[in-house]
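Only the coordinates and a few stated rules stand behind these numbers; no lab work does. Not measured: the values here are computed from a predicted model. Note: ideal-geometry Cβ built from the backbone for every residue, glycine included; neighbour counts use all protein chains shown.
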Amino acid sequence: MSAPFIFFDIGSTLMDGPPVSPPSRFEKELNLPGGSSDLIENILFTEDITSHEALTHRFSQAFPELTPDAGEIIKNIWNAQIEEGWEVAGARETLNMFLSSGWRIGIISNIWHPYFQCFKRLYGDMLPHFESMILSYKAGCRKPGQNIYKKALTSINASEHEDGGTHLESITMVGDSYTQDILPSLNLGMKTVWFLREHEREADNLKKIILGHAPLPTIAVSDLKELSGRKLEYLKTEFSVLTL
């Protein structure tokens with residue numbers, strides 16, 4: 001590849017939003033049975049639904065028990081998601097820093113249409129710089145499954161060695177979730193930057209890493225602004241990531 005490539009997650013990496021996830025909000029506000037959020041999550045994040053009317057129709061298929069006011073509830077949550085996000089501190093500066101350092105940048109994200117509209121609202125001026133944007137609801141698959149990562153690698157024409165292996169030493173993934181962002185990327189041989197923001201949520205993964213039961217990320221940071229200087233140069237070096 002002509003230059004190192006770095007993929008970013010969106011939610012909790014480049015953009016923050018409400019503490020309650022959309023699937024949980026829909027389950028609660030539509031008064032659906034407990035456990036419905038798993039099916040809702042799959043619908044939102046892997047189906048190309050681009051209007052609240054279409055989502056209402058899809059939910060009516062999945063949940064026949066919807067009440068007559070469901071359409072209005074769905075519309076309100078949909079519209080709220082377009083407005084509720086904000087930039088993570090230091091994210092824009094980090095993107096520009098990588099660009100100015102000669103990196104190519106892209107997106108791999110579990111996301112649904114209105115939240116992506118929020119991302120476009122916040123980062124509209126940056127969109128032309130993203131050479132690849134692999135969005136789960138457009139791709140039809142989501143993290144941590146490897147299909148979405150393979151689609152991302154194909155989109156940037158990741159070259160192959162003569163032995164059939166994929167040359168991934170110059171490709172990095174940045175994300176806040178060890179399970180969804182870091183581990184699947186490591187398993188493919190990519191470098192990783194774990195943006196470790198929620199220690200309590202990640203406690204089990206931290207324990208596994210400490211005990212040697214899970215592979216280390218290439219780099220871990222608590223602030224995206226840490227991705228400069230020696231850490232930036234370290235990501236540029238060519239080496240194979242060790243997987244346990």
- Message: Which entries of Lys151/Lys191; Lys150/Lys191; Lys191/Lys231; Lys150/Lys208; Lys143/Lys236 have Cα-Cα distances beyond 22 Å here?
- Response: Lys150/Lys208; Lys143/Lys236
- Computed [θ] at 222 nm, helices only, for the chain once each DSSP H run of length n ≥ 4 contributes -39500 (n - 2.57): -12000 deg cm²/dmol
- Residues Met97 and Ser21, FRET efficiency given R0 of 35 Å [Cβ-Cβ distance, rounded to 0.05]: 0.70
- Item | Likely footprinting exposure, Glu29, Glu41, fewest C-beta neighbours within 10 Å first | Glu29, Glu41
- Please name which of Trp78, Leu227, Ser136 has its Cα lying farthest along the dipole of the chain towards the positive end, using unit charges on Cβ (Lys, Arg +1; Asp, Glu -1) and the Cα centre as origin. Leu227
- Task: Treat every Asp and Glu Cβ in the chain as -1 and every Lys and Arg Cβ as +1, leave all other atoms uncharged, and give the resulting dipole magnitude about the Cα centre to the nearest 20 debye.
- Result: 380 debye
- Task: Would you calculate the separation in nanometres between label points at Tyr234 and Lys150, each defined as 7 Å from the Cα along the Cα-to-beta-carbon direction?
- Result: 3.1 nm
- What is the extension gain from Ala3 to Asn42, computed as 0.36 nm multiplied by their sequence separation minus the C-alpha to C-alpha distance, in nm to one decimal? 10.6 nm
- Task: Sort Ser21, Ser136, Ser109 so the one with the fewest other Cβ atoms within 10 Å of its own Cβ comes first.
- Result: Ser21, Ser136, Ser109
- Task: Could you give the size of the charge dipole of region 22-83 about its Cα centre, using +1 on the Cβ of each K and R and -1 on the Cβ of each D and E, expressed in debye and rounded to the nearest 20?
- Result: 40 debye
- Task: Treat the count of other C-beta atoms within 10 Å as a stand-in for reagent exposure and order Thr179, Thr56, Thr237, Thr94 from fewest to most.
- Result: Thr237, Thr179, Thr56, Thr94
- Message: Tell me the relative contact order for region 22-83 as a rounded percent, counting alpha carbon contacts under 8 Å between residues six or more apart.
- Response: 37 percent
- Efficiency by 1/(1 + (r/R0)^6): what FRET value for Leu127 and Ala54, r their Cβ-Cβ distance, R0 = 35 Å, to the nearest 0.05? 0.90
